[in-house]
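See structure below.
The values are calculated or read from the model by the stated rules, or taken from the named source; none is laboratory data. Everything quoted here is computed from the prediction, not taken from an experiment. Here the Cβ is made from the backbone with ideal geometry for all residues, glycine too, and neighbour counts use every protein chain on show. Ligands, DNA and RNA are excluded from the accessible area calculation, which covers all protein heavy atoms including side chains. Shrake-Rupley method; radii C 1.70, N 1.55, O 1.52, S 1.80 Å.
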Amino acid sequence: LLHKIIFTISLFVILFIGAITFKHVNNISDSSKAVMQTYDVKLELERLFSYIKDSESSIRGYLITKDTIYLEPYRNATKNVNTAFLSLKKMTSKSSEQQQNLEDLFKIVNKRYDYMKTYTEQNRGVDINRNVNFKKNFRESSILLVDTRNKLNEMVNLEETNLKNRNSEYF
């Protein structure tokens, strides 16, 4: 009888320890997924900014030289920007705040592209030295690039805050 009682108690202790271990392993797994998600979003945000800067460099090269060879990297960078936005939209789908930030960022980037489109190949005849709107638009486009970086930084900071909050929940 004593053996059965000891065996039953031992079995319950083992099951209890197993349940605690299982819960802990799940918490670690959830936490590591959250960490990976945060790093993936941060990496994609950095890629997005890199693509935006690539398009900026390409359009400036075109403006300076009027050589259409600079428009192909501009178009590629624009495609990459769109792809990065789609990817970020999926990655942040569970965060309404990040979705709003992404929408705000998209508006800023689109406004910049509207300025840049004014001076691409279809408007090749525009003399940027004599065009009164060019300097104003160019300055506004530069300000929007700073706004883009600020919004990206805000999104990265939010990801880091979310990560800290998730980790405090799990541990």
Checklist outcome for this item: To the nearest Å², the heavy-atom accessible area per residue of segment 1-102 with 1.4 Å probe amounts to 66 Å²
Checklist entry - Pairs LYS90/LYS151; LYS94/LYS117; LYS53/LYS111; LYS33/LYS53: which are spaced more than 23 Å apart, C-alpha to C-alpha? => result LYS94/LYS117; LYS33/LYS53
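If you roll a 1.4 angstrom probe over the protein chains with everything in place, what fraction of the accessible area of the chain belongs to carbon and sulfur, to the nearest %?
In the chain, the share of accessible area belonging to carbon and sulfur is 59 percent.
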Next on the checklist: Sequence gap at least 6, Cα distance under 8 Å: using those rules, report the relative contact order of the chain to the nearest whole percent.
Outcome noted: 29 percent
Next on the checklist: How large is the accessible surface of ASP147 in square angstrom, using a 1.4 angstrom probe and rounding to the nearest 10?
Outcome noted: 60 Å²
Checklist entry - Using the Kyte-Doolittle scale, which helices in the chain average at least 0.0 and also have C-alpha atoms spread 20 Å or more along the helix axis, with helices defined as whole DSSP H runs? => result 2-65
Item to check | Sequence of PHE7, PHE85 from largest to smallest accessible area, 1.4 Å probe | outcome: PHE7, PHE85
Checklist entry - Label PHE22 and GLN100 with points 7 Å out from Cα along Cα→Cβ: what is the distance between them in nm? => result 4.0 nm
